[in-house]
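For reference, the structure is listed below as structure tokens.
Nothing in this text is a laboratory measurement; each read-out follows from the coordinates by a stated rule. Remember, it's a predicted structure, so these values are computed and weren't measured experimentally. All Cβ positions, even for glycine, are placed from backbone atoms using ideal geometry, and neighbour counts span all protein chains on display.
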Amino acid sequence: MKAHSTALVVGGGISGLVCAYSLRKAGVEALLLEASARPGGVIRSERRDGFLLELGPQSFSGTAPILELCQELGIDGQLVQAPSRAPRYVLVGGVLRKVPLSPPAFFASPLFNAGTKWSVLRDLFGTSQPPEQDESVAAFVRRKFSTELLEKLVGPFVSGIYAGDPEQLSLRTTFPALHEAEKSAGSILRGMMRAAKAKKGPRERPALLSFREGNETLIRALATRLGPEIFCGVEVTGIRLGGGGAAEKFEVRFTAGGREEIIGTGQLVVATPTKIASRLLGTLHNSFEKPLGGITYAPVAVVSLGYRKSDVGHALEGFGFLVPRSAGLEILGSVWNSWLFPNRAPDGEVLLTSFVGGATNPQAATRSSQALISLVHREIAPVLKLRQEPAFSNVEIYQRAIPQYNLGHGERLAALEALQAKYPGLWLVGNYLRGPAIGACVEQALAVAGEIAKRVSK
């Protein structure tokens with residue numbers, strides 16, 4: 001490996017891969033180091049016994065940057081889109097009820113009482129201001145709307161995205177658009193409508209996408225483009241300031257093949273989860289450890305079950321369903337993969353992926369695979385009218401699955417930005433910064449690569 005690189009990316013998840021790819025596309029020499037045997041992090045797709053499994057994220061939103069990236073990589077023709085009007089359900093009183101996805105549907109829905117519906121009208125015509133201090137998602141929904149809306153819709157929704165606890169998640173960092181809407185317009189609805197009008201381009205909601213052979217198609221395409229500039233099985237052990245001027249501001253120590261080596265770089269991108277970032281940047285200065293160490297992760301078990309279609313009494317037409325904590329179940333929700341996308345299950349069979357654990361039930365992810373399979377089948381069987389045990393099963397457990405944007409997250413990010421400013425040429429990318437979704441990671445990685453390219457070209 002070279003002893004110097006203009007830019008060095010540490011971490012080969014989606015953020016690191018996109019950043020390294022974008023840098024090289026811009027003509028910046030860039031290497032990527034990844035500790036595991038394969039790049040991609042939790043984005044993994046496997047075909048087994050005729051089932052196409054997503055072992056991490058099940059799909060992604062087709063944002064403009066992602067669509068452009070897919071086109072550049074030549075994989076846009078492999079994209080598959082979920083039905084645009086796929087209903088989403090929430091389990092209330094043991095019954096799956098459609099989630100209203102438009103204002104008319106909301107006011108017509110039997111899911112909410114008159115008080116909750118009135119609270120939405122009150123926001124539209126009234127005026128309020130957010131509190132000065134950081135506010136949890138749960139406190140915000142109770143203050144502005146109702147406990148019913150929190151329990152039946154918002155709580156399950158944040159469990160589905162963050163596997164998080166709405167009592168702990170920070171509104172300002174989890175849903176910044178809602179906070180800004182109230183702050184700028186005195187109303188969530190008026191503020192959101194104003195922001196929508198100000199946006200340029202089409203206002204269509206991004207489509208829900210995957211690839212014919214799974215989400216890992218994107219990972220493979222990025223890794224192929226990087227080619228020999230990506231090194232797997234390389235563990236970075238420390239970072240220190242270099243003595244080579246602007247071209248080598250940092251010296252990065254790593255082990256590869258049992259040997260310890262050092263590489264110098266002027267632009268260092270740390271694209272690892274916070275636990276690893278804290279350890280690495282702590283070798284640069286221990287002040288990084290507190291803000292990074294304060295970001296917790298929710299554990300999640302991803303349980304994929306296959307059934308014969310003839311053994312399923314429910315039509316399974318939709319995205320899937322979310323589960324309020326008040327339902328007394330341990331699953332957070334279930335995705336109906338084989339209805340959303342083609343070729344997810346063999347003919348005559350269906351594939352369902354459910355999620356267990358999260359911030360409100362972390363001990364669930366410590367159970368054995370067989371115990372999790374039994375739990376999920378037991379809980380979804382009466383809901384989906386399952387008549388037999390699953391014919392296929394797979395379990396993936398992530399003890400640190402999704403970063404939690406809990407109260408104080410904004411202050412932690414501000415502290416990290418202040419520390420970064422002391423080390424020109426140091427950059428952070430990852431799902432703990434600007435959103436955990438694949439699209440948010442891609443956008444942030446592209447932005448950082450763009451900034452580096454500008455500085456290098458000066």
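General observations
- The charge dipole of region 1-90, taken about its Cα centre with unit charges on the Cβ of Lys, Arg, Asp and Glu (plus for the first two, minus for the last two), comes to roughly 120 debye.
- Between the Cα long axis of helix 14-25 and the first principal axis of the chain there is an angle of about 50°, rounded to the nearest 10.
- Considering only alpha-carbon pairs that sit under 8 angstrom and 6 or more positions apart, the relative contact order computed for the chain is 24 percent.
- Coarse-grained scattering of region 402-458 at q = 0.13, 0.21, 0.25, 0.28 Å⁻¹, given as base-10 log I(q)/I(0) from a Debye sum over alpha-carbon atoms: -0.38, -0.90, -1.10, -1.19
- Amide H to amide H, with H built 1.01 Å from N, Ala207 comes under 5 Å of Gly62, counting only residues 5 or more places away or on other chains.
- Here's how it looks for Val99: its modeled amide H is under 5 Å from those of Arg88, Tyr89, Val90, which are all 5 or more places away or on a different chain.
- Distant-in-sequence amide contacts of Gly358, defined by a placed amide H-H separation under 5 Å and a gap of 5 or more residues or a different chain, comprise Val300, Ala301.
- With the convex hull constructed from alpha-carbon coordinates only, region 276-395 shows a mean projected area of 9.5 nm² over all directions.
- Neighbour-count ranking [beta-carbon atoms within 10 angstrom, fewest first] of Tyr405, Tyr297, Tyr423, Tyr21: Tyr423, Tyr297, Tyr21, Tyr405
- Seen against the Cα atoms of the chain and their longest principal axis, helix 114-125 is set at about 50 degrees.
- Across region 265-273, computed HN-Hα scalar couplings (Karplus, 6.51 cos²θ - 1.76 cosθ + 1.60, θ = phi - 60°) run 8, x, 10, 10, 10, 9, 10, 10, x Hz from first to last residue, x flagging Gly and Pro.
- Kirkwood hydrodynamic radius of the chain, from the reciprocal of the average inverse Cα-Cα distance over all distinct pairs: 23.5 Å.
- Backbone phi angles across region 173-183, fed through the Karplus curve with coefficients 6.51, -1.76 and 1.60 (θ = phi - 60°), yield HN-Hα couplings of 9, 7, 10, x, 5, 5, 4, 5, 4, 5, 5 Hz in residue order; Gly and Pro are listed as x.
- Exposure proxy ranking, count of Cβ atoms within 10 Å, fewest first, for Val137, Val350: Val350, Val137
- Equivalent ellipsoid semi-axes, region 100-198, via Cα gyration tensor eigenvalues times 5, rooted, Å: 19, 18, 13
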